[in-house]
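The values are calculated or read from the model by the stated rules, or taken from the named source; none is laboratory data. Just so you know, these numbers come straight off a predicted model, no measurement behind them. With ideal geometry, Cβ positions are generated from the backbone for all residues, glycine too; neighbour counts draw on all protein chains shown.
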């Protein structure tokens, strides 16, 4: 068969189903690619250079051999959990390739552990949003011992329990919240603020609170955190806890919610009927927070793009599975702050 000349990298990507970074490493003879993956790329390249394309049977065999099955487990507040699962489904329907994603929701620590032990072991790798507690970490260590890769999403885990982290820098996100709140309230002199958390066993929530507290102390010493309210990532628990706080402390000038439960928090602020509504900062653009932001109930949202989160998590799982040596331990997404004036038209940011 006659040679057809140079082959473009896009042709190789389409024929192999691999990432551009992996193919580039093979073509440039750099280390960090599994021998099986390297042989596959070179085999496809040779076939394309000779003017041929894989036959249907060959193509199907390659797809079966190279398609990986990954699981995503999400233990979080109901709204964020649903947002991640819907995004996984949309991406799976729209983007065929070298990875098949299976998403599962968890309502409890026990269910998370069960999912790690079942869908985690049945998959080629696992990404998850979970608490950083000993029973979960123990199950993940066993999974890694069985040769499976683990990626922490949104909320990091101990380094012994995961291979990599994907999400925003949560301590920096807390600092951003403190800077916005501090600049808005500093002219008021001494101001009292509160922080709403779900569970500190989520490292993302602990890191946000630490970043928030440290920057206020450094840059805005006259602003005092007078209460840390536990809302358990629940609209009901958040409503009850915040309403109790606002009935006791009528001088709260700002509230930073590092967790979920924003419907309950907004309801508590409305019912408290303070002389001046507190500045209100929270996380994530979703079906609950978006209308609250548009109507001026929430002042600022600190957010990450969920589609980018899932895509990057999937790519890190693929690279770990293929043995790509350049996989970073910490894979940060941009931290974004939005207001009602900078939010995309409804539906455009999905």
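Every residue, every condition in (1) part of a strand (DSSP E or B); (2) buried (at least 20 other Cβ atoms within 10 Å of the Cβ), yes or no:
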position: 282; (1), (2): yes, yes
position: 307; (1), (2): no, no
position: 318; (1), (2): no, yes
position: 328; (1), (2): no, no
Inspect segment 110-118 for any residue being closer than 19 Å to residue 315 by Cα and not assigned by TED's automatic domain parsing to the domain that holds residue 223 and give the result as yes or no. no
Top-ranked residue in segment 289-305 [being part of a helix (DSSP H, G or I) and either assigned by TED's automatic domain parsing to the domain that holds residue 101 or touching a residue at least 12 places away in the same chain (Cβ under 8 Å) (or both); ranked as surrounded by the most Cβ atoms within 10 Å (Cβ to Cβ)]: 289
Just checking, does segment 240-250 include any residue being on the phi > 0 side of the Ramachandran plot, touching a helix residue (DSSP H, G or I) at 6+ places or on another chain (Cβ under 8 Å) and buried (at least 23 other Cβ atoms within 10 Å of the Cβ)? no
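Quick check on this structure: which one of 126, 115 is assigned to a helix (DSSP H, G or I), in contact with a strand residue (DSSP E or B) (Cβ under 8 Å, 6 or more places away or on another chain) and crowded, with 20+ Cβ neighbours inside 10 Å?
115
Restricting the search to segment 205-216, which residues are closer than 15 Å to residue 231 by Cβ and surrounded by 21 or more Cβ atoms within 10 Å (Cβ to Cβ)?
Of the residues in segment 205-216, the ones closer than 15 Å to residue 231 by Cβ are 205-206, 208-209.
Correct list: 205, 208, 209.
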